[in-house]
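All remarks here apply to the structure that follows.
No lab work stands behind these numbers, since they all come straight from the coordinates. Quantities reported herein were computed from a predicted structural model and do not represent experimental measurements. Please note: Cβ atoms are built from the backbone with ideal geometry, for glycine as well, and neighbour counts cover all protein chains shown.
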Amino acid sequence: MFYRSTRNKDTAIKSAEAIVKGISQEGGLFVPYEFPVISLDEISKLADMDYNERAAFVLSKFLTDFTPEEIEECVNKAYTSEKFGENITPLLKLCSGEYVLELWHGPTCAFKDMALQLLPHLLTVSMKKAGDGKTVFILVATSGDTGKAALEGFKDVDGTSILVFYPESGVSPMQKLQMNTQQGDNVAVCGVKGNFDDAQSGVKSIFTNPEIVNELAEKGMVFSSANSINWGRLVPQVVYYISCYCDLLKSGEIIKGEPINFVVPTGNFGNILAAYYARRMGLPIAKLICASNSNNILTDFINTGRYDRNRPFFTTISPSMDILISSNLERLLFDLTGCDDQKVQDMMKKLSGLGYYEVDEPLHKAICEVFYGGYCDDEGTKRAISRYFKEKGYLCDTHTAVAFDVYEQYKAKTGDKTKSVIVSTASPFKFATSVLNALGTDFPEDGDEFEAVDALSSATGCEAPESLRTLRDKPVRFRNSCSVGKMGDVVLATIR
Ligand SMILES: *Cc1c(COP(=O)(O)O)cnc(C)c1O
């Protein structure tokens, strides 16, 4: 199977090259030429397999230049019971026809582990196939969650090194400690005196700095990135939608072929796009419900067909969804226009120039056939946390709460009774202060995060994940920070 760019449909590269490159020359994203099919009989067969076997099966349909042994090895290194517990993606039944898929049982307690535990292994195999004998140097700018998940994923993976820059005063104390205590021989972390955008543009200019790139090449290394537009981060996410359907089938909650809805708390549109790809493969999915917070650009887009980022940016209690440019939407536009690379280019050009674009009526109709968009502000988020805990005994984090609220709005508006799975993207203990306050406890917003974790535990009777509980006792390994102008020097020092 070949891959091509959303901005040049004549590209033809294999999956290994797509994973090594991350983004195409003209700035497009890599997509498969066609979607492999998964039949209902195959789904029934997968229902009797474990998560890793299901993952290997699905991945082998996309990564046709990998051998079965390579895929199996990658999967088995990524999804271990030491890292994820016995059940990789637990599925809980909340009430009749309503389920929660928990994707946060990995090492950093957020769903990004599902992709970032596998990506490093896919990347090392891809480097062997398409990397000219070089090893990779991963450079990340993070606003919090991605940095830690990438560090955990790349930690001690052969043939890789990773350096993470974070805005010194732009991440939570918990997130900072998660990164600064990171173990592993191939990892480095550095604070930046600036905000996330400063760190991000610093990283972007290092990627194309000839002096640094040359020195890297002399050491036999190339830069790569671990951000969510890489195909190697997207494809692992298709797996858990199929696996979830298998679990529903196996437990008798649905019958073979019965369509279900997924409700996805959305930021960069990566997670929900993976669900759309599973649907394209033939997984029986009726609606995909796209849930946003007050940064509701996707809600407006789905409802009106106009994507307009000329709007205020809100900092919310679901920070991983505070995004105004959802990069992965480009892949959906490419698919729903019948691979019209020119049209996609025009829209993206308009977005970067004028800050908006509009889709034509047939495209808008095609989007609405599959997607429903809704949003919920911070007050609504808190009410949903409290309501679900008190009425259904389920404790959720702020991002998942957005999905719960939007799902209720959807049901009230449409009367749709299709069985639905709400995708849960983070442990409630990762956002303990906000969750506590939602439950009516007066915990200070700037209080100690570890006290918040303990307080949430005693208020709810739920146990905090071990990796968060034990964090405060871990030795701090990284204390350095630099100005934006010195980021290149930090990279050079790390290489040497
Ligand atoms: C990253 C993230 C999201 C958003 O996922 P996208 O793939 O960017 O849409 C939602 N919830 C949490 C907890 C996240 O970390």
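Some observations on this one:
- For the stretch 82-170, GluC sites (Glu not before Pro) meeting the loop criterion (DSSP other than H, G, I, E, B) and having at most 14 other Cβ atoms within 10 Å: Glu86.
- For the stretch 72-158: Kirkwood Rh in Å [reciprocal of mean 1/r, alpha carbons]: 14.3 Å
- Of Lys256/Lys417; Lys93/Lys413; Lys343/Lys365, those spanning more than 20 Å from alpha-carbon to alpha-carbon: Lys93/Lys413
- Inter-probe distance in nm under a simple model that places probes 7 Å from Cα toward Cβ, at Asp454 and Glu82: 3.0 nm
- Positive minus negative residues near Pro107 (Lys, Arg vs Asp, Glu; Cβ under 14 Å): +2
- Diffusion coefficient, µm² s⁻¹, Stokes-Einstein with Kirkwood Rh over alpha-carbon pairs of the stretch 142-235 at 10 °C and 1.306 mPa s: 113 µm²/s
- Here the ratio of the Cα radius of gyration of the chain to 2.2 N^0.38 Å is 0.93.
- Solvent-free Debye scattering, log10 I(q)/I(0), computed from the Cα coordinates of the stretch 283-380 at q = 0.14 Å⁻¹: -0.54
- Alpha-carbon centroids, the stretch 1-58 and the stretch 360-416: separation in whole Å: 29 Å
- Members of Lys61/Lys128; Lys83/Lys287; Lys77/Lys129 lying beyond 23 Å, as alpha-carbon distances in this model show: Lys83/Lys287
- Linear extension gain, Ser172 paired with Leu94, 0.36 nm per residue minus alpha-carbon span: 25.0 nm
- Hydrophobic long helices, here whole DSSP H runs in the chain with Kyte-Doolittle means of at least -0.5 and Cα atoms spread over 18 Å or more along the helix axis, are found at 231-250.
- Projecting the Cα atoms of Ile255, Met281, Ser292 onto the charge dipole of the stretch 202-309, computed from C-beta unit charges around the Cα centre, puts Ile255 farthest toward the positive end.
- Per-q log10 I(q)/I(0), the stretch 400-451, q = 0.14, 0.26 Å⁻¹ (Debye; single scatterer per alpha-carbon; no solvent): -0.51, -0.99
- The mean of 1/r over all distinct Cα pairs in the stretch 354-496, once inverted, gives the Kirkwood hydrodynamic radius of 18.8 Å.
- The mean of 1/r over all pairs of different alpha-carbon atoms in the stretch 39-189, once inverted, gives a Kirkwood hydrodynamic radius of 16.9 Å.
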